[in-house]
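Can you keep this structure in mind? I'll have questions shortly.
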2 protein chains.
Amino acid sequence: MPAADVAALVAAAREGGPRAVARLITLVEGASPQLREVMAALAPLAGRAYVVGLTGSPGVGKSTSTSALVTAYRRRGKRVGVLAVDPSSPFSGGALLGDRVRMGEHASDPGVYIRSMATRGHLGGLAWSAPQAIRVLDAAGCDVVLVETVGVGQSEVDIAGQADTCVVLLAPGMGDGIQAAKAGILEIGDVYVVNKADRDGADATARELNHMLGLGEARAPGDWRPPIVKTVAARDEGTDEVVEALEKHRAWTEEHGVLAERRRRRAAREVETIAVTALRERMADLHGDRRLSALAERITAGELDPYDATVELLEGLTGG
Amino acid sequence: MPAADVAALVAAAREGGPRAVARLITLVEGASPQLREVMAALAPLAGRAYVVGLTGSPGVGKSTSTSALVTAYRRRGKRVGVLAVDPSSPFSGGALLGDRVRMGEHASDPGVYIRSMATRGHLGGLAWSAPQAIRVLDAAGCDVVLVETVGVGQSEVDIAGQADTCVVLLAPGMGDGIQAAKAGILEIGDVYVVNKADRDGADATARELNHMLGLGEARAPGDWRPPIVKTVAARDEGTDEVVEALEKHRAWTEEHGVLAERRRRRAAREVETIAVTALRERMADLHGDRRLSALAERITAGELDPYDATVELLEGLTGG
């Protein structure tokens, strides 16, 4: 790929050019030589978008809910970015699935950017690439960035949990409440949505959730009490209530300094991820695969344990 | 927790003591001060077990298949370890689900160890804790270690993919074949299992898989051609065929030097993970959260981009 004119790309992205946005994401999510240039150009422009994470087990209707939220925010005149990090989503790899019907409506809307992201194979994994993609959508002038991740898998859950507001979706039946608890997603929700609420068991799921979240218990004044909203996303029922809950949470986070704190934490995580990736590369570069291979050989032979091997490896790397 | 007598624990584990095994895993998966001691004691004992990864989307019957494989290996007189890294598995967090009926049969069998692992919250995540747990089961004298992971999520898929043999499970319907491809699990299977083969569409799934894997195409002589086995794990149908396929793959990997290579690669990954975790801790220790916070603050203010922030952070860390 020839070197990009970063300033021109950034300008085009801010004018609403979807190709410029796509190109910028490609430049930041991988190990492009222009990565630093792009990141420097984006820095002063980012930090304006409201980042909403959506997560839940496969089958709860995350993509349909995301699509309904896009529609709702468009009705309010907002520019919306979607980052889909979900192997089961029709957004990600839609071409493979051959079904982009639902998104077709948004695909032709210049106020909507949709980006899907493979969950594997990147430089530093999702922890690296997702925040960079969010940063591009933010800098490109999106008012809202929806980050849809599957609520299974450590990296995926982490990404949604680091948003300004995190929505956890559930659906009646399938022991979802319990599964959610096991996957650790009950700790990260700011807003809970019981989707497919026209199905049997929706009330039971909401009750179970209410119980598990301890919503009946007293809280300190000023504490956030996550609301539980029932929706039928496929029929756009309850979407406005979700948006209202999001806006309430956003207002609460701003009022209590939580938003600024979350963003600092997100930025710190970003720095950590970049640092770890850089160190990983340095390890590979400086010592070459040969040294690591030799250690691995001794480990498989039972002559050395992995911990001592690491100490040997690091002595050379960070010492003197 | 008081300091453990590591030598006694290791001896007890090798005698078949399930509590000793459990205790050792607890010592290695977290940041126990005795971690190094335990790892050193295990090193000469590990490397004998055959490590089999099982992965697939939620709903394909991973846990039932794992259980059937345990039974099959027990019939052959093998000691079996199970590491379940799957939030949807009845093995993991079984107490929460209140359903250990299926494993009850194995739970009382002294030749079977079952360990479930939360997918979040550990020191260095799954990438750190799963290999250490496998190492304990291996050193404790398990002939076979079955590692069940959900085939969604980067870290989870990676763990299964690093086994001696990796089994990818699918089930008819639900567009599983396509989902598998999207989740990247089609690249890692050594043996494919179409479970729930009594359902409609099992042949279609097998055909689709056959096509996607390019199994109809010519391969170089000596290349491994992943078999596709149909099973009904709930009725123990096809399990012996799976075991045969596993044994064939194992023999092939031994013959072609692939097993040794995979194990070296796994050991190298382990070292890398430990090194990165150590560096992450050093970063936190040396510079404190204060320095990172100050950088994060400047990033959220748009004054600094994360990449430059990382450079600043690392200069202090690895320089001079």
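Students sometimes get this wrong: rank A:Trp128, B:Trp224 by accessible area, probe 1.4 Å, all chains present, largest first. Walk me through the intermediate numbers first.
Numbers: A:Trp128 10, B:Trp224 45 Å².
Descending order: B:Trp224, A:Trp128.
Let me confirm one metric for peptide B:259-266, namely the mean number of other chain beta-carbon atoms within 10 Å of its residues' beta-carbons. It would help to have the intermediate numbers written out before the result.
Working: counts 1, 3, 2, 1, 5, 10, 4, 4.
Mean partner-chain Cβ count within 10 Å for B:259-266: 4.
How big is the accessible area of B:His256 in square angstrom, nearest 10, if you roll a 1.4 angstrom probe over the protein chains?
Probe radius 1.4 Å; accessible area of B:His256 about 90 Å².
Could I have the simple spin-label model distance between A:Arg48 and A:Asp236, label points 7 Å from Cα toward Cβ, reported in nm to one decimal?
The modelled label-to-label distance comes out at 2.8 nm.
Can you list the distances in nanometres, one decimal and ascending, from the B:Glu241 label point to the identical position in each other copy, with the point 7 Å along Cα to Cβ?
Ordered by distance, the counterparts are at 4.9 nm.
On to the next question. Distances from B:Trp224 to the same position in the other copies: list them in nm, one decimal, shortest first, using label points 7 Å from Cα along Cα→Cβ.
Here the equivalent label points are 4.6 nm apart from this one.
I want to check the label-to-label distance for B:Arg199 and A:Thr26. Put each point 7 Å from Cα in the C-beta direction and report it in nm to one decimal.
With each label point 7 Å from Cα toward Cβ, the separation is 3.8 nm.
A:Lys230: which aspartates and glutamates have alpha carbons under 12 Å from its alpha carbon, excluding same-chain residues fewer than 8 sequence positions away?
A:Asp198, A:Asp203, A:Asp240, A:Glu241
A further question follows. Return the average number of partner chain Cβ atoms within 10 angstrom of each residue Cβ along peptide B:43-55.
Numbers: counts 11, 5, 1, 5, 4, 1, 0, 0, 0, 0, 0, 0, 0.
Partner-chain Cβ atoms within 10 Å, mean over residues of B:43-55: 2.
How do A:290-298, B:142-150 rank on mean C-beta neighbours within 10 Å, highest first? Write out the running numbers ahead of the final one.
Details: A:290-298: 17.9, B:142-150: 26.0.
Packing proxy ranking, top to bottom: B:142-150, A:290-298.
Heavy atoms only, 1.4 Å probe, whole protein assembly: order A:Ile228, B:Ile188 by accessible area, highest first.
Most to least solvent-accessible, the answer reads A:Ile228, B:Ile188.
Order the peptides A:273-281, A:200-208 from the highest to the lowest mean number of other Cβ atoms within 10 Å of their residues. Spell out each step's value before the answer.
Details: A:273-281: 20.1, A:200-208: 16.7.
Descending packing order for the listed peptides: A:273-281, A:200-208.
Assuming R0 = 41 Å, what is the FRET efficiency of B:Lys248 and A:Glu281, from their Cβ-Cβ distance, to the nearest 0.05? Intermediate values should be presented prior to the final figure.
Details: r = 38 Å, r/R0 = 0.93.
Step by step, r from the Cβ atoms, then E = 0.60.
Separate question: Suppose you put the label 7 Å out from Cα in the Cβ direction; list, shortest first and in nm with one decimal, how far A:Gly16 is from each other copy's label.
7.4
Oh, and also: Rounded if a/c is under 1.5, else prolate if a/b beats b/c, else oblate: with a ≥ b ≥ c from the C-alpha gyration tensor eigenvalues square-rooted, which is region B:6-63?
Numbers: a/c = 2.19, a/b = 1.91, b/c = 1.15.
Since a/c reaches 1.5 and a/b is larger than b/c, the shape of region B:6-63 is classed as prolate.
Checking the a/c ratio against 1.5 first, then a/b against b/c, what shape does the Cα gyration tensor give for region A:205-263? Don't jump to the answer; show the numbers that get you there.
Working: a/c = 2.80, a/b = 1.24, b/c = 2.26.
Here region A:205-263 falls in the oblate category.
Averaged over A:126-135, how many beta carbons belonging to a partner chain fall within 10 Å of each residue's beta carbon? The partial results should precede the final answer.
Values: counts 3, 1, 0, 0, 0, 1, 2, 0, 0, 3.
Mean shielding by partner chains, rounded to a whole number: 1.
Scan around A:Ala84 for amide H atoms under 5 Å from its own, H built in the peptide plane at 1.01 Å from N, and keep only partners 5 or more places away or cross-chain.
Sorted by chain and number, the residues that satisfy this are A:Arg115, A:Ser116, A:Met117, A:Glu148.
Residue of A with Cβ nearest the axis relating A to B, plus distance in whole Å?
A:Gly153, 1
Here is a follow-up. Which value, in Å² and to the nearest 10, is the accessible area of B:Ser155 when all protein chains are kept and the probe is 1.4 Å?
The value for B:Ser155 is about 20 Å².
The values are calculated or read from the model by the stated rules, or taken from the named source; none is laboratory data. This is a predicted model, so every value here is computed, not measured. With ideal geometry, Cβ positions are generated from the backbone for all residues, glycine too; neighbour counts draw on all protein chains shown. For accessibility, only protein heavy atoms count, side chains too; no ligands or nucleic acids. Shrake-Rupley method; radii C 1.70, N 1.55, O 1.52, S 1.80 Å.
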